[in-house]
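Please read the structure below before turning to the comments.
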Amino acid sequence: MNKHIKSALALAFGASLALSATACSSSPAENEAGACTAYNDFVAAVAGVQATVDGSSSVGEIREAREKVATTYKELEGNLDKVSADRKQALADSWEQLNKKIEDLDKDLSVPEAKAAISDELAALKSAQTSANTDLKC
């Protein structure tokens, strides 16, 4: 395998491991950033396999490159699960807040007053709904 490709794959793999070892955060923004990093590492590993498959490569070199793809895929999968869980939790939290707000409405409120009283919770639920339905953008 070309020494440059091996170096690039080793750097991408090392950076991925370093980031995953230090990334103990749980905020949705940090989880999404981690997923983007893992995605980019996965793309680089796949490109490494593509570059490896040429007339001068051995089966062992191709398998070695595949192992890097497998490792980065596993990292990506875990990060995508975190992003999905964040979006699911935001949707659940928004729904619970809106539901509670509606349950707690004074029965004597007018419709415009009730609408105004729940507008923030309804907007939060709509935002969480949109986020849950949006593809990850890196």
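Bear in mind that the values in this text are calculations on the coordinates, not laboratory data. Keep in mind the model is a prediction, meaning the values are calculated, not measured. All Cβ positions, glycine included, derive from the backbone under ideal geometry; neighbour counts span all protein chains shown.
Can you compute the label reach from Leu122? Point 7 Å from Cα along the Cβ direction, backbone N cut-off under 12 Å, restricted to the stretch 72-116.
102, 111-116
Between Asp104 and Thr71, what's the calculated FRET efficiency when r is the beta-carbon distance and R0 is 41 Å? Round to 0.05.
Details: r = 50 Å, r/R0 = 1.22.
Once the sixth-power term is evaluated, E becomes 0.25.
Packing-wise, with mean Cβ within 10 Å as the measure, how do 51-60, 120-129 rank, highest first?
Details: 51-60: 11.5, 120-129: 15.6.
Most protected by this proxy first, the peptides run 120-129, 51-60.
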